[in-house]
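For reference, the structure discussed in these notes is given below.
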Amino acid sequence: MRRIGILGGSFDPIHFGHLLMAQSAVEALKLDAVFFVPAFCSPFKTKHPVPVASKRLVMVKEAIKGNKAFKLYDGELRRGQVSYTIDTLKELKAKCPKSKFYLLMGADNLRTFHRWKDPQGILSLANLVILNRPGFDKNYPKRWPYVKINMPAVDISSSDIRQRLKTRKSIWYLTPKAVIRYIKAYRLYVK
């Protein structure tokens, strides 16, 4: 049985925190793969304009190159509508019925998990895995069953990267060089 981690998000843009989260899960859970799943549109970010899906897709592809365990799954982008984790997990379960899935999320997302579409359905299809994030309590509520993994504390966020770009600050050492080159080539996040 393959053990597959699922790491979804806007990846707007993808950064080293995302990559470190995935690698920490691979090592701690002995995962065969981590599927990076860019959202077409997060239900919690419908008012926040995100770059065209194709551009975010390329940035994820560039960021995960070279790690054999990291895979791209573009199912949410192909659906072209608001992205729900439950729909993605159902789709993946149908494609890989003999795989065991682990939904990876930062501790900050656990606080709002009750607002996700069908949290019980999600838990029936995947094990919930929480990775620590700086600034969030390490004694997370036990409302939902989950496994906690510690990873090196890295305080990087996509919103901070976007803000730095708007104010013409460096984003070196926050995201891979290939992502930085792509952002510069397409003048993303600057107005």
Discussion item. If I compute Rg and Dmax of the Cα atoms in Å from the structure I just sent, which labelled value in (1) 20.6, 61; (2) 16.0, 48; (3) 19.5, 78 lines up?
Written reply: (2)
Fill in: In range of the label at residue 167: residues from the stretch 2-25 whose backbone nitrogen is under 19 Å from the point 7 Å along Cα→Cβ
13
Worksheet item: To the nearest 10 degrees, how steep is helix 16-29 against the longest Cα principal axis of the chain, on a 0 to 90 scale?
Response: 20 degrees
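Starting with the highest mean, order 152-159, 35-42 by the number of other Cβ atoms within 10 Å, averaged over the residues of each peptide.
Numbers: 152-159: 13.5, 35-42: 21.5.
Taking the mean over residues of other Cβ atoms within 10 Å, the ranking is 35-42, 152-159.
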Worksheet entry | Net dipole in debye of the chain [+1 Lys, Arg Cβ; -1 Asp, Glu Cβ; about Cα centre; nearest 20] | 400 debye
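Full extension from residue 98 to residue 58: what is 0.36 nm times the residue separation minus their Cα-Cα distance, to one decimal in nm?
Numbers: separation 40, 0.36 × 40 = 14.40 nm, distance 2.91 nm.
Result: 11.5 nm gained on full extension.
Expressed as a whole percentage, what fraction of the accessible surface of the chain belongs to carbon and sulfur atoms when a 1.4 Å probe is rolled over the protein heavy atoms?
Its accessible area is 53 percent carbon and sulfur atoms.
In the stretch 99-191, what is the volume of the convex hull around the alpha carbon atoms, normalised per residue and reported in Å³?
So the per-residue Cα hull volume is 154 Å³.
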Worksheet entry | Dipole of the chain [Lys/Arg +1, Asp/Glu -1 at C-beta], most positive-end residue of 102, 11, 182 | 182
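So if we plug the beta-carbon distance of residue 30 and residue 187 into 1/(1 + (r/R0)^6) with R0 = 45 Å, what FRET efficiency do we get, rounded to 0.05?
On the way: r = 41 Å, r/R0 = 0.92.
Rounded to the nearest 0.05, the efficiency is 0.65.
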Response to the item:
Computed over the stretch 1-110, protein heavy atoms only, probe 1.4 angstrom, the accessible area per residue in square angstrom equals 45 Å²
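The values are calculated or read from the model by the stated rules, or taken from the named source; none is laboratory data. Since we're looking at a predicted model, the values are computed, not measured. Glycine gets a Cβ as well: all are built from the backbone with ideal geometry, and neighbour counts include every protein chain shown. What goes into the accessible areas is simple: the full protein's heavy atoms, side chains included, and nothing from ligands, DNA or RNA. Shrake-Rupley method; radii C 1.70, N 1.55, O 1.52, S 1.80 Å.
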